[in-house]
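The values are calculated or read from the model by the stated rules, or taken from the named source; none is laboratory data. Everything numeric here is computed off the predicted structure, so don't read it as measured data. Cβ sites come from the backbone with ideal geometry, for glycine too, and all protein chains shown count toward neighbours.
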Amino acid sequence: MPVVTRFAPSPTGLLHIGGVRTALFSWLYARRMGGKFILRVEDTDRERSTDEAVRVILEGMEWLGLAADEGPYYQTARFPRYREVIDRLLAEGKAYRCYATREELDLMRAEQMARKEKPRYDGRWRNRTDTRPGVEPVVRFKNPLEGDTVVEDLVHGRVSFSNAELDDLIILRSDGTPTYNFCVVVDDMDMGVTHVIRGDDHLNNTPRQMNMLQALGVAPPVYAHVPMILGPDGAKLSKRHGAVSVLQYEQDGYLPQALLNYLVRLGWSHGDQEIFTIDEMIAAFDIADVNKAASAFNPEKLLWLNQQHLMRAEPAAVVPALRAAFARQGLSVGASDDVLAQVVLIQRERCKTLNEMAANSAFFFSDALSIDAKAAQKHLTAEGLGHLAALESVLGAIPVWSVEALQQTVNACAAARGVGLGKVAQPLRVALSGGAISPPIDATLAILGRERSMSRLQAALQRPPIAPS
RNA sequence: GCUCCCUUCGUCUAGAGGCCUAGGACAUAGCCCUCUCAAGGCUGUAACACGGGUUCGAAUCCCGUAGGGAGCGCCA
């Protein structure tokens with residue numbers, strides 16, 4: 001039987017990395033097994049669901065390249081179907097109407113808590129057939145009273161629950177809308193889902209869902225409950241760190257494959273391998289290898305991985321993302337894709353994100369160069385300007401403005417003046433980039449171009465020399 | 001409170017009873033390389049939660065304890 005997995009986020013909050021990793025595991029498993037991956041939006045809570053959250057799910061999945069083979073399905077579009085299944089359960093005596101009021105239930109729970117018992121519905125309408133005028137009933141599922149329900153979980157192994165611990169959950173609210181646990185069961189059944197991969201906060205819901213499936217005469221899917229992702233401090237993921245929209249990582253200059261690589265290694269590993277391409281992940285991934293313990297989100301390792309992917313990517317492939325990063329910084333860059341690919345090539349081993357790359361490369365493209373005061377103080381001294389003057393004449397005479405020629409010329413100039421390369425390169429670097437840090441000086445000159453390089457050099461020479469402090 | 005789950009360096013992890021003097025990665029410290037910053041290379045600091053068993057032998061199996069987490073809604 002072909003594998004069918006699904007990712008079923010609820011649009012009540014913005015999709016964050018916890019959800020993304022669950023989606024990734026489901027997607028990888030389907031790809032690995034040659035199966036099908038379904039996207040289903042669980043929007044039955046109309047009060048709390050937002051269009052914005054739905055948008056983030058759709059755009060986020062697209063940015064990450066986690067394409068669904070089917071869907072997106074929306075639960076709100078399936079209400080008639082849920083109603084149909086509830087009617088069937090009612091007719092078969094596997095569900096019943098409960099006329100207990102909220103006040104009565106609150107009181108019941110308060111009493112149970114006072115007795116230090118687990119708060120649960122006591123089945124007071126389970127065997128009644130009468131009605132109560134003036135009260136709109138809910139429909140409850142008749143859960144087995146005895147025996148155990150055993151979950152054979154792919155990551156946790158065998159987990160057993162006593163049916164006596166489970167109460168008769170509401171499957172249809174008094175306003176006529178179905179509830180989450182019920183919709184999941186019907187959807188997974190209708191959509192032929194074979195492997196349910198989800199957060200382990202759902203492990204406790206699983207026996208109820210299995211019991212409903214059994215009442216419907218359907219074999220349960222295989223379950224895999226994956227551990228949660230914690231914040232860097234080991235506490236629950238919060239807005240402060242990580243629990244932000246997945247699209248924020250795009251805004252922050254991360255590559256989707258780097259985020260995916262980071263997330264796949266949270267709770268899963270393949271020997272000592274740290275860096276994976278998407279294809280390598282698919283080839284190596286198995287849900288049975290996923291760990292049981294929750295793991296903490298580590299932004300520094302994500303940063304490292306992002307740079308590793310930047311360094312391994314085809315430069316041309318990251319150009320669009322680099323352009324977007326420039327745009328976010330308010331810089332519209334007219335340079336060609338070819339020039340930007342060169343920028344990627346020389347900057348990527350000193351940048352962890354595209355935003356950093358754009359910020360450190362802005363000097364190539366901005367018209368007004370501002371010189372950092374501290375850098376000037378240190379390098380644009382009388383001595384430094386002397387080197388610059390020499391550089392100006394030799395560079396001005398270069399026939400072909402190529403990296404090789406530039407490197408030779410600058411080296412020769414330093415040698416002729418009897419100083420190390422650093423003595424001439426640093427003043428030149430400040431004149432060209434405005435700061436003491438940049439890619440290698442020859443590559444910087446090459447990308448900047450003859451015209452811009454020479455005019456910046458000349459501008460620096462106009463400055464009054466700074467006395468060394 | 002009850003039920004269920006979890007526990008190897010600061011963090012992510014390797015580890016299926018002897019291969020473990022517990023390996024790798026991020027971070028961190030030092031060194032090398034070097035035109036700056038990086039990248040890269042080398043080296044170091046650093047962990048089996050605790051207590052009992054079982055076994056010739058336990059990070060690995062069993063039982064407790066402690067700590068952490070989740071669930072117990074007309075939320076998903």
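Scanning region A:43-68 for residues that are in contact with a helix residue (DSSP H, G or I) (Cβ under 6 Å, 6 or more places away or on another chain) and within 12 Å of RNA strand B (Cβ to nearest atom) yields A:D43, A:T44. Just one of the listed residues (A:R40, A:R83) is away from RNA strand B (no atom under 12 Å from the Cβ) and either within 25 Å of A:V218 (Cα to Cα) or at pLDDT below 95 (or both), namely A:R83. Residues of region A:57-116 that are under 39 Å from the mean Cα position of the chain (by Cα) and part of a strand (DSSP E or B): A:E70, A:G71, A:P72, A:Y73, A:Y74.
Close contacts from region A:265-286, counting a first residue that is more than 14 Å from A:S26 (Cα to Cα) and a second that is of a type in the set (K, R), with Cβ to Cβ under 7 Å and a gap of 6+ residues or different chains, come to A:L266/A:R21; A:E274/A:R265.
Among the candidates A:R120, A:R102, the residue that is near RNA strand B (Cβ under 8 Å from one of its atoms) and loosely packed, with under 15 Cβ neighbours inside 10 Å is uniquely A:R102.
Residues that are surrounded by fewer than 17 Cβ atoms within 10 Å (Cβ to Cβ) and without any contact (Cβ under 8 Å) to a residue 60 or more places away in the chain within region A:14-56 comprise A:G34, A:E47, A:R48, A:T50, A:D51, A:E52, A:R55, listed in sequence order.
Residues in region A:270-307 that are more than 16 Å from the chain's Cα centre (by Cα), surrounded by fewer than 13 Cβ atoms within 10 Å (Cβ to Cβ) and assigned to a helix (DSSP H, G or I): A:D279, A:A288. Screening region A:351-465 for helices (runs of 4 or more DSSP H) wholly inside it with 2 or more residues that are within 15 Å of RNA strand B (Cβ to nearest atom) and in contact (Cβ under 8 Å) with a residue 60 or more places away in the chain returns the ranges A:354-365, A:373-379, A:382-396, A:421-433, A:441-448.
If you go through region A:125-142 and keep only what is more than 11 Å from A:Y96 (Cβ to Cβ) and in contact (Cβ under 8 Å) with a residue 12 or more places away in the chain, you end up with A:T131, A:R132, A:V135, A:E136.
On the basis of being within 17 Å of A:D190 (Cβ to Cβ), in contact (Cβ under 8 Å) with a residue 24 or more places away in the chain, surrounded by 12 or more Cβ atoms within 10 Å (Cβ to Cβ) and within 15 Å of RNA strand B (Cβ to nearest atom), does A:Y74 make the cut? Here the answer is yes, as A:Y74 does meet what is asked. A:L15 falls short of the stated requirement of being more than 15 Å from RNA strand B (Cβ to nearest atom) and assigned to a loop (DSSP other than H, G, I, E, B).
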